[in-house]
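The values are calculated or read from the model by the stated rules, or taken from the named source; none is laboratory data. Owing to the predicted nature of the structure, the values given are computational and were not obtained by experimental measurement. All Cβ positions, glycine included, derive from the backbone under ideal geometry; neighbour counts span all protein chains shown. The accessibility values were calculated without ligands, DNA or RNA, using every heavy atom of the protein model including side chains. Shrake-Rupley method; radii C 1.70, N 1.55, O 1.52, S 1.80 Å.
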Amino acid sequence: MSKASVRAPSNIAFIKYWGAEDLARAVPVNPSISMTLAACVSHSTVEALPPGETDQVLVAEEGGALSPAGPGFSRRVTEHLSVLRRECGSRAGFRVATRNSFPSSAGIASSASGFAALTLATTRALGLTLPGKELSRLARLSGSGSASRSVFGGYVEWPQDLADEALAAAPIATATHWPLCDLIALVETGAKEVSSLDGHRRAATSPHFAARLSELPRRLELVRQAIRERDLALLGPVLEEEAVELHLIAMSSRPPIFYWNPATLAVLARVRELRAAGLGAWCTMDAGANVHVITEPRDEAAVAAALGDTPGVTRVIHDRVGDGPELDAPHLF
Ligand code: PMV
């Protein structure tokens, strides 16, 4: 096969990857656990070109028109294509087109879905059918560690087992095991000022970094148990503790990074009110100001309505746990 198209989902981490032993290869300092999403996806088409041809990176617009990608995005894509060429023993050039289902100005991290889609579509365009562990390892080599989790559906753990050369993620529960919802309250549009790569780079400069690492074995075990037992009341407090601590570390890194804005705090307060009123809803955040509110289907409508009503929230994206990548997606060209 010389052309392949894949839709790969984003994911939201319950236990975060924050800080790296080796940033270029995304070797993490700690294990992480995430939920793969369904609605926020990256769609990529990759065509293998004759050996030695120059890579072309295109962005597919809503209506289907293709335009050249900006220089920063193009560079990260071609760097990963070179890694994939080396790892797969190929000299092919590639024509790549990509599109996100969510607005790129929404401030939602797209590196996990983007690099997972690129890895899956490129290996398939080369005619390779690789096991999940190998695909996860290759996605990690993009430098976006969270991409290693997006090649699987459901709930996924990325262990920090330095003895295992692959350092790949693995699924721990299916989507149907626990149909959680993720309501994403958008309070920020546009690119964030400090990338997650810079955040990882600075993490260990925070005096709180070591304290978080010492908390993690307990938190990881609680999250695994909560997923096993489908217990949102057990998961929720760990989720918020972990997300707030990621930002505590960012804010106390040198130099400091402030991802939150006033509306982030307004959403956190609103979700506390919802819990006081008897709803099951808990917050988490990535390296940005937007808030992911994790809830169950029975409370989804009420929580979404309250979030949409919170000052500073421009839109609420309804997402949920998903089954993972779609390997035979329509071609973008
Ligand atoms: O995969 P990266 O390098 O974009 O880093 C992801 C960082 C967080 O989203 C904040 C946490 C995570 O585990 O997804």
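Look through region 225-237, keep the residues that are among the charged types (D, E, K, R) and either within 16 Å of the ligand (Cβ to nearest atom) or touching a residue at least 40 places away in the same chain (Cβ under 8 Å) (or both), and return whichever of them is most open to solvent (accessible area, probe 1.4 Å). Even if it seems obvious, please write down each step before you answer.
Going through region 225-237, the residues among the charged types (D, E, K, R) turn out to be 228-231.
Right, trim to either within 16 Å of the ligand (Cβ to nearest atom) or touching a residue at least 40 places away in the same chain (Cβ under 8 Å) (or both) and you get 228, 230.
Values: ARG228: 141, ARG230: 123 Å².
Going through the qualifying residues, I end up with ARG228.
Being among the basic types (Lys, Arg) and crowded, with 16+ Cβ neighbours inside 10 Å is the filter; apply it to region 48-94 and report the residue that is modelled with the highest pLDDT. Before the answer, list the steps.
Initial filter on region 48-94 (among the basic types (Lys, Arg)): 75-76, 85-86, 91.
Going one step further and asking which of them are crowded, with 16+ Cβ neighbours inside 10 Å, we end up with 76, 85.
Values: ARG76: 95, ARG85: 98.
Among those residues, the one meeting the criterion is ARG85.
Could you check TYR17 against (1) closer than 30 Å to SER206 by Cα; (2) part of a strand (DSSP E or B); (3) of a type in the set (Ser, Thr, Tyr) and say which number it fails?
The one condition TYR17 does not meet is (2).
Mind listing just one residue for me: the one in region 1-17 that is open to solvent by less than 20 Å² (accessible area, probe 1.4 Å) and in contact with a His (Cβ under 7 Å, 6 or more places away or on another chain) and, of those, farthest from the ligand (Cβ to nearest atom)?
By that ranking, first place goes to SER5.
Filter region 238-269 for residues that are open to solvent by 60 Å² or more (accessible area, probe 1.4 Å), more than 16 Å from the ligand (Cβ to nearest atom) and assigned to a helix (DSSP H, G or I) and give the result.
PRO262, LEU265
Looking only at region 165-203, which residues are more than 20 Å from ASN290 (Cβ to Cβ) and either β-branched (Val, Ile, Thr) or surrounded by fewer than 17 Cβ atoms within 10 Å (Cβ to Cβ) (or both)?
Within region 165-203, GLU165, ALA166, ALA170, ILE172, THR174, THR176, HIS177, PRO179, ARG201 meet the criteria.
Sort out which residues of region 18-44 are open to solvent by less than 20 Å² (accessible area, probe 1.4 Å), farther than 18 Å from ALA60 by Cα and either near the ligand (Cβ under 10 Å from one of its atoms) or not aliphatic (A, V, I, L, M) (or both), and write them in order of number.
Once the filter is applied, which keeps residues that are open to solvent by less than 20 Å² (accessible area, probe 1.4 Å), farther than 18 Å from ALA60 by Cα and either near the ligand (Cβ under 10 Å from one of its atoms) or not aliphatic (A, V, I, L, M) (or both), region 18-44 yields TRP18, GLY19, ALA26, PRO28, ASN30, SER32, ILE33, SER34, THR36.
Take the conditions closer than 14 Å to ALA185 by Cα, touching a helix residue (DSSP H, G or I) at 6+ places or on another chain (Cβ under 8 Å) and more than 16 Å from the ligand (Cβ to nearest atom) and apply them to PRO311. Does it pass?
yes
Could you please find all residues in region 302-320 being farther than 23 Å from ALA226 by Cβ and assigned to a helix (DSSP H, G or I)? Lay out the reasoning, then the answer.
Start the filter on region 302-320 by keeping residues that are farther than 23 Å from ALA226 by Cβ, which leaves 305-306, 308-317.
Correct list: ALA305, ALA306, GLY308.
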